[in-house]
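First up is the structure itself, then whatever we jot down about it.
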Amino acid sequence: MKRTMVVMGALLLTAGAVMAEDQLKETQTVMKANGKNAGALSAMVKGEKPYDQATVDAALAQFDETAKKLPTLFPVSLKGKTFDGDYQTTEKIWSDKAGFDEHITSFAKAVGDAKGKIKDMDTLKTSLGVIGKQCGGCHETYRMKKT
Ligand code: HEC
C-alpha cells in the first residue's frame with residue numbers, strides 16, 4: 001500500500017514536470033507565431049512585400065487564437081523556467097497578475113476591433129499600429145531579454 005502510494009506520487013510528479021515542459025513549448029510556439037505574423041505584416045507596411053489579404057487574414061486569425069489562449073499560456077508552473085528563444089518571462093506575470101490580465105484583455109480588444117476591418121494598406125497600417133502597441137505594452141513589463 002505504502003509502496004503503491006510512493007510510486008503513484010512519483011508518477012504524478014513526473015506528469016507535472018512533463019506538463020510544464022509541454023506548456024513551455026506551446027507558449028513559445030504561440031509567441032514565435034505572433035512574431036512571424038507581425039513580421040509578415042510589417043514587411044507589407046514597409047513596402048518590402050506587396051499587400052496580401054490572405055496573409056493579413058491568417059495573421060489576424062492567429063492573433064485571435066493567441067488572445068484566446070493567453071489566459072492559459074503562463075501558468076505558475078512556468079515561473080522561473082528557461083525559454084529557448086532570446087526572451088524570458090518576468091516574475092511580474094505572477095506577482096502582478098491583475099495587470100497581466102488587463103494586457104490580455106486590451107490585446108484581445110485590439111485584435112477583435114481589427115478583425116474584418118483590414119482591407120488595404122491604409123487600414124493595415126492603422127490596425128497594425130494599434131495591435132503592435134499591445135504586443136509592446138505587454139512585453140515592456142512581462143518579458144525581458146535573456147541576460
Ligand atoms: C499579455 C502579454 C503579451 C502579449 C499581448 C504579447 N506577448 Fe509576446 N511575449 C510575452 C511574454 C511574457 C514573452 C516571453 C516568453 C516567451 O519568450 O515566450 C513573449 C515573447 C514573445 C516573443 C519571443 C518568442 C521566443 O521565444 O522567441 C515574440 C516574437 C513575441 N512575444 C511576439 C509577440 C507579438 C508580435 C505580439 C502581438 C501580436 C505579442 N507577442 C503579444 C507576452 C505577450
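Show that you can apply the helix-only estimate: for the chain, add -39,500 (n - 2.57) for every DSSP H stretch of four or more residues, divide by all residues, and state [θ] at 222 nm to the nearest 500.
That comes out to -26000 deg cm²/dmol.
If N is the number of residues in the chain, what value comes out of its Cα radius of gyration divided by 2.2 N^0.38 Å?
1.27
Return a whole-number percent for the relative contact order of segment 1-101, with Cα pairs under 8 Å and 6 or more residues apart as the contact set.
Value for segment 1-101: 28 percent.
Please enumerate, by chain and number, the aspartates and glutamates with C-alpha under 19 Å from the C-alpha of residue 119, excluding those fewer than 8 residues away in the same chain.
Of all the aspartates and glutamates, those that pass the test against residue 119 - Cα under 19 Å, at least 8 places apart if same chain - are 48, 52, 57, 64.
What is the pair-distance distribution P(r) of segment 102-147, computed from all Cα-Cα distances in 5 Å bins starting at 0, with each bin given as a whole percent?
Pairs per bin, as whole percents: 5, 23, 26, 18, 13, 9, 4, 1, 0.
Tell me which lysines have Cα within less than 28 Å of residue 81's Cα, excluding those fewer than 8 residues away on the same chain?
25, 32, 36, 68, 69, 92, 97, 133, 145, 146
A short reminder: the numbers here are calculations on the coordinates, not readings from a lab. As the structure is a prediction and not an experimental result, all values here were calculated from the model.
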